Amino acid sequence: MINQPKSILKKTFGYNEFRPLQDEIIRNVLAKNDTLVIMPTGGGKSLCYQIPALIFKGLTVVISPLISLMKDQVEQLLELGVPAVFLNSSLSYEEYQRNIKKIIQNEVKLIYLAPEALFTQRILSLLSSVQIDCFTIDEAHCISEWGHDFRPEYRQLIEIRDRFPSAVCIALTATATPRVQQDIKDNLRFEASNEFIASFNRENLFLQIIPKNDPISQTIEFLEKYPNQSGIIYCFSRKQVDELSIFLEQEGFSVRPYHAGLTDKERKQNQDLFIRDDVQIIVATIAFGMGINKPNIRFVVHFDLPKNIETYYQEIGRAGRDGLRSHCLLLFGYGDIRKIRYFIDQKEEKERRIANVHLNALLRFCETDICRRIPLLNYFGEKYSIQKCDMCDNCLVDEKDLVDITILAQKFLSCIKRTGEIFGANHIVDVLLGSKAKKVLNRRHHNLSTYGIGKEYSRKQWFHLSRQFIQKGLIIQDVNFGSLKLTNKAWEVLKGKKTVMGLLEEERIDYKKEKISEQEYDHTLFEILRKKRKELADTANVPPYVIFPDKTLIEISIYFPQSKDSLLNIHGIGLVKYEKYGNMLMNIISKYCDENQIEERPKRKSKISRNRSKPTQSRRHIIFGNLYNSGKSVAELMNMFQIKQGTVLDHLYRYLLEGNSLRSDGILQLSTIQPQQQAFVLENFDQVGTTYLKPIFDLFNGKVNYDELKLLRLYYLSKKKSGNINDSEISNPDKSNETYMSRKESGHPIK
Ligand code: ADP
Ligand code: ZN
């Protein structure tokens with residue numbers, strides 16, 4: 001039946017699967033229950049009211065605060081064959097009258113309005129003359145004074161509900177704060193049971209933070225990775241925006257500035273060029289991004305530190321709305337913290353306190369060495385239970401590159417101590433390298449025992465190490481003076497009670513391990529299609545993404561579809577788009593395939609896009625854990641699922657990490673090493689933790705393989721979880737035997 005949400009999703013929008021919560025939300029609206037939707041940018045909020053609008057007999061009225069967004073939505077809907085109009089001051093008298101006529105004659109399904117327009121006599125009487133089934137309140141946080149974008153007109157919206165009691169109401173926002181959510185519900189008199197809060201995890205965004213050493217070269221190096229792709233670079237000040245955009249332009253990049261100091265006309269022009277893919281990069285202050293919907297922004301660079309996590313999240317959120325992998329890079333410099341502190345200090349007492357709390361949370365996020373999604377989502381009150389997302393720099397550090405840097409840490413830390421904890425990294429590194437600089441000699445620091453003890457490493461390496469020591473919480477940097485101070489953790493390292501694992505070289509990110517990587521596609525065909533799309537878009541005077549999303553072109557360049565059926569199976573091609581562009585596409589594809597002797601490749605109908613975690617995959621570890629606990633052995637699981645032992649163990653490990661208990665019997669039997677060695681490994685887990693296996697692997701000189709270590713880790717954790725790790729099944733080794741001394745004491749690998 002065409003009226004089913006799922007079939008509209010495919011036939012009109014050309015998508016195969018709902019994104020999380022969309023289906024439930026649509027059903028709830030169709031059942032005429034008022035609905036509050038909290039979903040991050042790019043989550044797919046629009047479909048939640050657009051699909052019901054196509055099913056309802058009457059009209060759906062959409063209240064939206066920005067003219068540019070309304071126009072964009074209506075253009076996209078018309079392109080999909082969905083009759084929609086907007087009414088606002090940007091229309092000429094004739095256009096306005098034409099739209100009114102369409103509404104009266106029942107020719108449209110959706111009408112977009114600004115809130116202030118809604119309460120004019122003219123509109124109210126217009127709406128009273130037709131059947132209205134749904135009021136959609138987009139950007140609903142505008143209702144709340146606690147939101148970042150309060151609009152008093154939104155407060156009046158409750159009146160409209162009283163006037164049209166039979167219309168259901170759906171309110172949507174990407175604002176996560178509970179206070180704002182409550183305000184929306186109170187203002188619109190919503191019941192609690194109809195809230196849908198999606199996860200704020202944007203899993204297609206790759207998050208990376210690097211020390212800001214040489215920002216311009218770092219930015220250029222980054223941009224060179226993404227030729228022909230759209231992106232935004234955020235800067236702290238207008239001056240910085242102007243300078244950077246001029247510089248990048250001179251370097252040959254396609255770039256425009258955007259900030260409040262430009263005229264309205266210049267700003268609009270630069271934004272339009274960007275949206276229409278005529279310009280690749282926008283260098284902007286925070287002012288940029290509110291009114292744009294461009295789904296194919298492939299990267300966001302923070303050239304300067306954002307003010308707080310909320311701003312950061314909002315800004316990176318503009319990338320990758322289309323669900324494809326997008327890269328978010330932040331250059332983290334201590335100078336920037338000073339700048340932000342300076343501005344905070346100008347504020348009133350109360351505001352200053354709040355701003356400081358926010359800044360500190362941001363610094364913790366920047367300096368963490370665990371998965372970045374954990375502190376990020378935590379900030380929004382969401383628990384991220386996966387330990388490794390495989391889509392952030394910290395998760396992609398290759399474990400094999402981690403080495404024991406305890407001695408280096410000790411050198412660095414004691415040098416801080418001996419110079420009185422009043423110097424910054426520069427001076428400490430000078431002393432370690434045995435510099436003859438006056439500032440060193442004048443302070444008689446050449447007489448210190450730490451003078452010149454770090455010569456085997458370069459200045460650059462020492463700086464990189466010092467960043468890691470900060471990230472690992474061994475030192476803190478005074479944000480006003482830049483001086484380094486030791487923490488309690490540092491003392492444990494100095495006393496030899498703690499091992500430090502880290503990287504000797506910078507940027508050891510293994511991008512190949514990324515969970516969502518770019519799909520392999522035919523770049524030549526993609527470029528041909530992209531050019532054609534741009535021509536069509538220019539002729540129709542709309543942005544290219546309104547014609548087709550990037551993903552459509554990518555899928556075509558993977559599968560080379562050449563029949564009606566296979567084109568309709570491509571992401572983003574519904575019936576109307578097929579009618580409009582099907583023949584043209586098939587001509588281009590067939591010609592290309594003929595010339596290059598390429599054949600069409602089948603795309604399985606039920607294939608879920610690679611950019612979504614497949615529910616079956618992501619829940620597999622739970623199935624494994626439950627089966628194991630119910631008595632199945634590892635061997636039985638291997639047989640049942642036709643997989644290797646290591647894979648079963650990985651699933652069980654993940655099951656444990658998510659807080660579940662696992663029975664511990666049956667694991668140790670699989671181990672093939674000596675009980676004494678087993679005991680030694682287990683003992684070392686106590687010392688070095690279980691996150692990384694590399695230290696123990698090194699301790700055995702690689703003679704105990706990772707599978708074995710994984711097995712023992714699983715055993716160790718399952719015991720620990722049940723609270724009886726000491727109640728080991730292995731005969732307790734004699735602690736006095738030197739072989740079993742912990743690594744710190746022995747300092748040598750076990751033979
Ligand atoms: P939001 O308003 O939450 O920021 P949008 O409604 O603009 O998000 O959707 C973001 C992008 O994702 C749009 O390009 C939209 O067409 C696309 N999209 C939405 N739902 C789906 C889906 N189920 N499958 C594929 N793409 C989708
Ligand atoms: Zn991560």
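Tell me the angle of helix 406-418 to the major Cα principal axis of the chain, expressed in degrees between 0 and 90 and rounded to the nearest ten. The angle comes out near 90 degrees.
Restricting things to alpha carbons, find the Rg to Rh ratio for segment 373-513 using the Kirkwood radius for Rh. Reported Rg/Rh (Cα atoms, Kirkwood Rh): 1.03. Cβ crowding within 10 Å ranks MET584, MET391, MET638 as MET584, MET638, MET391, fewest other Cβ atoms first. Relative to the longest principal axis of the Cα atoms of the chain, the long axis of helix 620-629 makes an angle of roughly 50 degrees.
For segment 4-197, the number of Lys pairs with C-alpha atoms closer than 19 Å, counting only pairs eight or more positions apart or on separate chains, is 23. The peptide list 652-663, 368-379, 531-542, put in order of mean Cβ contacts within 10 Å with the highest first, becomes 368-379, 652-663, 531-542. Against the compact-protein benchmark of 2.2 N^0.38 Å, the Cα-based radius of gyration of the chain scales to 1.09.
When only Cα pairs below 8 angstrom with a gap of at least 6 residues are kept, segment 403-502 shows a relative contact order of 39 percent.
Ordering PHE332, PHE150, PHE56 by the number of other Cβ atoms within 10 Å of each residue's own Cβ, fewest first, gives PHE150, PHE332, PHE56. Highest average first, the peptides 63-69, 563-569, 349-355 ordered by how many other beta carbon atoms sit within 10 Å of their residues are 63-69, 563-569, 349-355. Remark: for residue pairs LYS239/LYS265; LYS498/LYS694; LYS212/LYS534; LYS489/LYS710, the C-alpha separation exceeds 26 Å in LYS212/LYS534; LYS489/LYS710.
Each peptide in 687-698, 210-221, 591-602 was scored by the mean count of other Cβ atoms within 10 Å over its residues; highest first, the order is 687-698, 210-221, 591-602.
The residue among GLY291, GLY231, ASN194 whose Cα reaches farthest toward the positive pole of the charge dipole of segment 139-297, with charges on the beta-carbon of Lys, Arg, Asp and Glu, is ASN194. Restricting segment 158-200 to trypsin sites (Lys or Arg not before Pro) that sit in a DSSP loop and have at most 15 other Cβ atoms within 10 Å of their own Cβ leaves ARG189.
Diffusion of segment 1-118 by Stokes-Einstein, at 10 °C in a medium of 1.306 mPa s and with Rh set to the Kirkwood radius over alpha-carbon pairs, works out to 106 µm²/s. Among TRP462, TRP146, the ranking by other beta carbons within 10 Å of each residue's beta carbon, starting with the fewest, stands as TRP146, TRP462.
Relative to the longest principal axis of the Cα atoms of the chain, the long axis of helix 93-104 lies at roughly 90 degrees.
Stokes-Einstein diffusion of segment 205-396 at 10 °C, 1.306 mPa s viscosity, Kirkwood radius from Cα pairs, rounded to a whole number: 92 µm²/s.
DSSP bridge analysis restricted to the chain gives an antiparallel fraction near 10%, rounded to the nearest 5.
The phi torsions of segment 38-47, fed into the Karplus equation with coefficients 6.51, -1.76 and 1.60 and a -60° offset, translate into couplings of 10, 8, x, 3, x, x, x, 5, 4, 4 Hz, rounded to whole numbers, with Gly and Pro shown as x. Sequence-distant contacts, meaning Cα pairs under 8 Å at least 6 residues apart, place the relative contact order of the chain at 11 percent.
The alpha carbon radius of gyration of segment 154-268, expressed as a multiple of 2.2 N^0.38 Å, is 1.64. The relative contact order of segment 342-388 comes to 22 percent, based on Cα pairs under 8 Å that sit 6 or more residues apart.
Taken together, the values in this text are just the output of simple stated rules run on the coordinates, not laboratory data. Model, not experiment: these values are computed from the prediction. Positions of Cβ are backbone-derived with ideal geometry, glycine not excepted, and every protein chain shown enters the neighbour counts.
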